1. So, in the stretch B:64-104, how many residues would count as being at the interface with another protein chain (Cβ under 9 Å from one of its Cβ atoms), exposed (fewer than 14 other Cβ atoms within 10 Å of the Cβ) and in contact (Cβ under 8 Å) with a residue 24 or more places away in the chain?
2. Restricting the stretch B:1-12 to residues that are of a type in the set (D, E, K, R) and at pLDDT 80 or above, which is most open to solvent (accessible area, probe 1.4 Å)?
3. For A:Leu46, state whether it is in contact with a Ser or Thr (Cβ under 7 Å, 6 or more places away or on another chain) and of a type in the set (A, V, I, L, M, F, W, C).
4. From A:Leu52, A:Leu46, which residue is buried (at least 17 other Cβ atoms within 10 Å of the Cβ) and of a type in the set (A, V, I, L, M, F, W, C)?
5. Could you check the stretch A:175-200 and list, in sequence order, the residues that are buried (at least 19 other Cβ atoms within 10 Å of the Cβ) and not in a helix (DSSP H, G or I)?
6. Among the residues of the stretch A:55-65, write down those that are crowded, with 20+ Cβ neighbours inside 10 Å and out of contact with any helix residue (DSSP H, G or I) (no Cβ under 9 Å at 6 or more places or on another chain).
7. Go through (1) within 10 Å of chain B (Cβ to nearest Cβ); (2) open to solvent by less than 90 Å² (accessible area, probe 1.4 Å); (3) out of contact with any strand residue (DSSP E or B) (no Cβ under 9 Å at 6 or more places or on another chain) one by one and return the number of the condition A:Gly68 breaks.
8. From the list A:Leu186, A:Leu165, A:Leu196, which residue is at the interface with another protein chain (Cβ under 8 Å from one of its Cβ atoms) and touching a residue at least 40 places away in the same chain (Cβ under 8 Å)?
Amino acid sequence: MIELYAVTDAPGPPLPGRAVARVLPSGRLAVVYAPAVDVEASADALWRHEELVEALMEQTDLLPFRYGTRCEDEDAAERQVEEREAELSAALERIRGAVELSVRVRLAEVPAAPRSGGDSAGDYVAAKARAAGFERAVSDGVHEPLRLLARTSRQRAADSPSEPLRAAYLVDRNRIEKFALEVARLQESRPDLRLLCTGPWPPYSFIDA
Amino acid sequence: MRSKVLHAPPDLDLFASDRRDIDASLSRRINADPENLERGLAQLVLTIIELLRQLMERQALRRIDGGTLSEEQIERLGSTFMELDRRMEELRTQFGLTEEDLNLRLGPLGNLL
């Protein structure tokens, strides 16, 4: 079994020194892989996988495989890439020169959730409507200006009412700094929110865009 | 690894509450527990009911926003949703489930609820 890391342009990027990974060229593309090791899935194992993908990402544009993507052997991997070459090449073109940046927005103070006990039905509905309106306001005030700096974006369902925005942005490598400055500017204008911007990440959210 | 933080607020801890989620979601995928089948089934059914409840609630809020409902209708909708919310809480308690248990992680799509 082999574990897959990423698809890149052929002939593939130089590999970081200590890595056990290898490159398998296939037509216009190349697959970076390594012999699969049976270790228990854990946050540490996931980070080790991520570290290699990120080291590759510094050298080249790539389509990252999700952690845990495995294949029988080199022949099987090559067959799969050959079959999907057009699709993978198109996806690689879409992310060329760009990386993924993540933005999460949380409320500085968590509001009391509307509860069924106690309040009147009118209050309950009003509180729910306020929460929904607030989410829209955050989307307009924070997501929109950031979206304009990105090639494309993906908004993800919020984790909790105290996190009104969680989004990924596909940003040109030379605009990362500008994007981070915009996040800082938005943070200054919204003291009621807390903005966290991380990256650059491999474009996990945009490989099928 | 290089720092991945491009911008962070001073109170970064605010975002750390879901750090345990990586381990939790990994083990949830792997450790299916046959002895807890009944609870697992209840969890699945209640998750779907909760999804429908939230969809209905959002739809109702949109209608309220649209201004087409009378005060009386809004009051009635509000009572219905409060009652549903209360009943869901009772069912959750009965099966020993938390609000978070009724959420499904849908990978890149985010969470179900």
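The values are calculated or read from the model by the stated rules, or taken from the named source; none is laboratory data. None of the values given here were measured: they were computed from a predicted structure. Because the Cβ atoms are built from the backbone with ideal geometry, glycine has one as well, and the counts that use them run over all protein chains shown. To get the accessible areas, we keep the full protein, side chains included, count just its heavy atoms, and leave off ligands, DNA and RNA. Shrake-Rupley method; radii C 1.70, N 1.55, O 1.52, S 1.80 Å.
1. The number of residues fulfilling the criteria is 0.
2. Of everything passing the filter in the stretch B:1-12, B:Asp11 is most open to solvent (accessible area, probe 1.4 Å).
3. Values: in contact with a Ser or Thr (Cβ under 7 Å, 6 or more places away or on another chain): no; of a type in the set (A, V, I, L, M, F, W, C): yes.
Considered against the rule, which asks whether it is in contact with a Ser or Thr (Cβ under 7 Å, 6 or more places away or on another chain) and of a type in the set (A, V, I, L, M, F, W, C), A:Leu46 comes out as no.
4. Numbers: A:Leu46 fails: buried (at least 17 other Cβ atoms within 10 Å of the Cβ).
None of the others qualify; the one that does is A:Leu52.
5. Scanning the stretch A:175-200 gives A:Arg194, A:Leu195, A:Leu196, A:Cys197, A:Gly199, A:Pro200.
6. Applying the first criterion (crowded, with 20+ Cβ neighbours inside 10 Å) to the stretch A:55-65 yields A:56-57, A:61-65.
Once the filter is applied, which keeps residues that are crowded, with 20+ Cβ neighbours inside 10 Å and out of contact with any helix residue (DSSP H, G or I) (no Cβ under 9 Å at 6 or more places or on another chain), the stretch A:55-65 yields A:Leu56, A:Met57.
7. All conditions pass for A:Gly68, except number (3).
8. Numbers: A:Leu186 fails: at the interface with another protein chain (Cβ under 8 Å from one of its Cβ atoms); A:Leu165 fails: at the interface with another protein chain (Cβ under 8 Å from one of its Cβ atoms).
Criteria check complete, one pass: A:Leu196.
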